[in-house]
Structures are given as C-alpha cells and as structure tokens.
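The values are calculated or read from the model by the stated rules, or taken from the named source; none is laboratory data. Everything numeric here is computed off the predicted structure, so don't read it as measured data. In this analysis, Cβ positions are derived from the backbone assuming ideal geometry, glycine residues included, and neighbour counts consider all displayed protein chains. Only protein heavy atoms, including side chains, enter the accessible area calculation; ligands, DNA and RNA are left aside. Shrake-Rupley method; radii C 1.70, N 1.55, O 1.52, S 1.80 Å.
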Amino acid sequence: MQHKNQERIVLVSDLIKKPLVKVPCAIIERGGKVLAAQRSAHGSLPMKWEFPGGKLEEGESEVECLVREIREELSVEVVVEDRLPVTNRDDIGRMIQLVPFICQLVTDEIILTEHEQIFWLTPDELPALDWAEADRDVLQNYFEHLAGRRIRPIQRLNRRKPDIFPTSPGKIE
C-alpha cells in the first residue's frame, strides 16, 4: 500500500511539463555515402557526431528550418526528401525532438561554419563514430529506412520463374 504523500508526489511530477524543442536534421546522401558532422569542441556535446540541423523557429515549417540550418552550417543548398520517424530525448529542462529528413545536395562546395569536420561514410561505417545520444536513434531509423528501400532476398527467391515457350513451332524440349 502506498502512502498518500507518495501518490501526490507522483501526480505532481507527472504534471511538470518540459518545453519541447523541435530540431529538424539532415541525413545527406551522395553517391552511396552519408554526411556525418562532428560538433564543435566549444559547444554542448563537444566532438560528438551528428546529422546537421537546428532548432525550429516560430512560424517556420520543418523543411524551411532544415534548408535554413544547412545553408547556415554547411553553406550548401539541399533538396529535402523523405521524412523519417521523429526521436525524442529528455534533456535537462527540456525535451528534444529530432525530426530527420533524407536530403540530397544541390550545391557541392561545403564550407563549415559550426562543425569541426565532416566525413562522407558508407552506411556500414556510420556506427563506428561517437554519435550524440539523440542521433543514435536517428541512425537506427535510417537503417530501417534503408532496409525498406532494398529488395529483400526472400522476396527474390519466392518469385516464380517465367514459363518458357518455344520461339518456333516444333517440339518443346
């Protein structure tokens, strides 16, 4: 049996709401590789790897925010494509919601304004990096997205072989 004061504490803690910060981020693909960006040594989560992006401003759509942030951080233009599932992380005093999008570069010359460095890596190489916690969930969702784009071998094996008909009259071998 719980004490009534304990119940009240649970109810009060359930009522405490943290502000939600939406952060659209870009999974930029090019030639079978994906862009990974290393955070600055001087900011939060120093030297961790992330998918670039930033905070949604009031009155801005997620896509508008992402295009603006990529322009500011990497000095490039992107085409925003598929939206992947959002991931939520409890940060001290706030909830962070990463909103990932698959993107393609429109311009090629990247100029870093906020990151230490970038790498172009194959999807298989991405897990070796020291990712920010929230970006790990984004990475997992990206892998699931990639698996959905591929033809699975089981599907290929279950296909019926076409019937072979002779091209000229005569007996069938």
Over segment 55-80, the set of residues part of a loop (DSSP other than H, G, I, E, B) and surrounded by fewer than 17 Cβ atoms within 10 Å (Cβ to Cβ) is Lys55, Glu57, Glu58, Gly59, Glu60, Ser61, Ser75, Glu77
Check Asp124 against each of (1) surrounded by 14 or more Cβ atoms within 10 Å (Cβ to Cβ); (2) free of Cβ contacts under 8 Å to residues at least 12 places away in the same chain and name the one condition it does not meet.
(1)
Taking the residues in segment 4-50 that are within 19 Å of Ala132 (Cα to Cα), open to solvent by 50 Å² or more (accessible area, probe 1.4 Å) and in a strand (DSSP E or B) as candidates, determine which candidate is modelled with the highest pLDDT.
Lys22
State the number of residues belonging to segment 81-110 that are open to solvent by 60 Å² or more (accessible area, probe 1.4 Å) and closer than 19 Å to Glu29 by Cα.
7
Hey, could you check segment 127-150 for residues that are open to solvent by less than 20 Å² (accessible area, probe 1.4 Å) and not aliphatic (A, V, I, L, M) and say which is nearest to Val80 (Cα to Cα)?
Tyr142
